[in-house]
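Undergrad: Next up is a structure, given as structure tokens.
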Amino acid sequence: ESAGEAVKPEPRAEDGDEIVAEHFTRNVQFFGGEAQRRVAASFVVVIGLGGVGSHCAHMLLRSGVSHLRLVDFDQVSLSSLNRHAVATRGDVGISKAECLAAHFRQIYPEATLDVRVAMYDEAAEEELLGGAPDFVVDCIDNIDTKVHLLAACVRRGIRVLACGGAGAKCDPTRVRIVDIAESVVDPLARAVRHRLKRDHGIDDGVDVLLSTEKQRCELVPIEASDGASMADYQVVPNFRVRTIPVFGALPAIFGMAAAAHVVTTLAGQAFDSEPVFRMNKKQYETQLERLRDREDARGSDTACMGVDLEDVMYLVKDVWHARSARAQGSTKSKGMWQHTGGLHLTRWNPALPACLDNLVLLTADEADAHDAETRVTSTRVTTGDADDADDAGGVGGAGGAGCARVYGRARLQERERESAFVASVEARFRRVRRDFGLQGDTAW
């Protein structure tokens, strides 16, 4: 088919085709039938089909995304075979987009493939982003083009994942997904962040896939002939001339990670990526001591510690990302080390012990206000004030045996005022219970 013309195959997964149903059996077992149907019905655009983009598109297809737009202006080269997802020597010289489409038709013939042999620029925005895609994956390695694409996605309200640099790196354990406000360790993402803020007023709200590993080698030098400038060697204006050494495993891992982010998001089961920062043991020990002090202040009748240092490390870093629960959006990080001097763990529900799924991280002032308010509500309930208490009874939370669940009207009123905040906190507690196989509920 000609470039830009979508193939409309039959039958589609939603038509009940038995072969397609069997093809994605494992996905249905993982996500559930309804979630997999959402994935199958999604339309995803992948722009840039080199090492990262080809692996991303490949796994999106294998995960059941039934409508893909594949965008790249370049051709498969011999030197790209060390990192391309499916290309062979027989594909050298073919456009990357058409190469992928040819292989993809053998993997998932029922998919709709929209092949675009084109370079993204501002003039091509409507052509390449039109059609209301559910997600865009930016696998471009040019700063100008990347900035234009991301700004367009933000303006159009399209979910987008930007991929940082995978070249000159080899450590698969350093790959993370962060908000662009935190992209301090990746040179490409850092430059894009600066340009987005300067040119478009965007300083957060864009997810970025990057590696925290420092590059192991520099760009390959090139010697210009007498009288020639580096610009004379550019195939495309403003694109890098010198190449960067690439170990093929890292672009593949980037692509797989990008696909995992997109598919789980489309399925409504997005994961919470490990945060990009470092903390020392003393910081965690301080948090544990502060929690003990708060528990001691509750008095011997109610003090109940259900966590140790390892639990505190998990809560502070993995669950709360070393930020107040009221500030779980992006932060303007300036480095890898995270400051926690003003933060305190405290009980979310005062009627349950200080256990894994009942500890919220707040600033000192927020924690004091939360404790004061919940003490008032708890006192009203335990003294039998019918105007402020609906019910008391039941058991919930890890380590919560014998601790009553408390429902106060004052809390319900706060819940109405801050429903989004409460929902976000309780969603994190559900994650804790899932991670540790705990039973119970800290909602109150």
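The values are calculated or read from the model by the stated rules, or taken from the named source; none is laboratory data. Computed from a predicted model, the values in this text were never measured in an experiment. Don't worry about glycine lacking a Cβ; one is built from the backbone with ideal geometry, like all the others, and counts go over all protein chains shown. Accessible surface is based on the protein model in full, side chains and every heavy atom, while ligands, DNA and RNA are left aside. Shrake-Rupley method; radii C 1.70, N 1.55, O 1.52, S 1.80 Å.
Undergrad: So with the 1.4 Å probe, I'd like the accessible area per residue for segment 73-194, rounded to whole Å².
TA: On a per-residue basis, 39 Å².
Undergrad: Would you mind getting me the FRET efficiency between R174 and L81? Use the beta-carbon distance for r and R0 = 25 Å, nearest 0.05.
TA: Efficiency computed from Cβ-Cβ geometry: 0.50.
Undergrad: So between D318 and I107, what do we pick up on full extension, going 0.36 nm a residue minus the alpha carbon distance?
TA: So the chain would gain 72.2 nm between D318 and I107.
Undergrad: Can you work out the PRE-style zone for D17? Point 7 Å along Cα to Cβ, and I want the residues of segment 50-73 with backbone N under 13 Å.
TA: Answer for segment 50-73: 64-67.
Undergrad: Counting Lys +1, Arg +1, Asp -1, Glu -1, what net charge surrounds E274 among other residues with beta carbon under 10 Å of its beta carbon?
TA: Computed value for this residue: 0.
Undergrad: Pulled fully out, how much extra length does the chain show between N280 and R156, if you take 0.36 nm times their separation in residues and subtract their Cα-Cα distance?
TA: Once the chain is fully extended between N280 and R156, it gains 40.5 nm.
Undergrad: Return the subset of K214/K281; K197/K282; K214/K317 for which the Cα-Cα distance in this structure is over 29 Å, preserving the input order.
TA: Pairs exceeding 29 Å: K197/K282.
Undergrad: May I ask you to rank F271, F24, F30 by accessible area, largest first, using a 1.4 Å probe over the protein chains only?
TA: These residues rank, largest area first, as F30, F271, F24.
Undergrad: I need to check one value: relative contact order of segment 51-95, counting alpha carbon pairs closer than 8 Å and at least 6 residues apart, in percent.
TA: Reported relative contact order: 45 percent.
Undergrad: With every protein chain left in place and a probe of 1.4 Å, what is the accessible surface of E274, to the nearest 10 Å²?
TA: The accessible area comes out at roughly 80 Å².
Undergrad: Find how much the distance from E310 to Q439 grows on full extension, using 0.36 nm per residue of separation minus their present alpha carbon separation; answer in nm with one decimal.
TA: Extending this stretch completely gives an extra 44.4 nm.
Undergrad: Let me ask something else. Which shape class applies to segment 84-185: rounded if a/c is under 1.5, otherwise prolate when a/b exceeds b/c and oblate if not, where a ≥ b ≥ c are the square roots of the Cα gyration tensor eigenvalues?
TA: The shape class here is oblate.
Undergrad: Rounded to the nearest 0.05, what FRET efficiency is calculated for E373 and A270 with R0 set to 25 Å and r the Cβ-Cβ distance?
TA: Approximately 0.20, to the nearest 0.05.
Undergrad: Rolling a 1.4 angstrom probe over the protein chains, ignoring ligands and nucleic acids, what is the accessible area of D435 in square angstrom, nearest 10?
TA: 80
Undergrad: Follow-up question, since we're still on this one. Would you tally the net charge around L250, using a Cβ to Cβ cut-off of less than 14 Å, leaving L250 out, and scoring K and R as +1, D and E as -1?
TA: In short, +2.
Undergrad: Now, a different point. For a quick check of understanding: with a 1.4 angstrom probe and all protein chains in place, what accessible area in square angstrom does K317 have, to the nearest ten?
TA: Looks like 50 Å² after rounding.
Undergrad: Can you check what the net charge comes to around V71, using other residues whose Cβ is under 11 Å from the Cβ of V71 (Lys, Arg +1; Asp, Glu -1)?
TA: Summing Lys/Arg as +1 and Asp/Glu as -1 gives -2.
Undergrad: Apply the Karplus parameterisation 6.51 cos²θ - 1.76 cosθ + 1.60, with θ equal to phi minus 60°, to every residue of segment 105-119 and state each ³J(HN,Hα) to the nearest whole Hz, in sequence, with x for glycine and proline.
TA: The phi angles translate into 5, 7, 7, 9, x, 7, 5, 8, 10, 9, 8, 10, 7, 7, 9 Hz.
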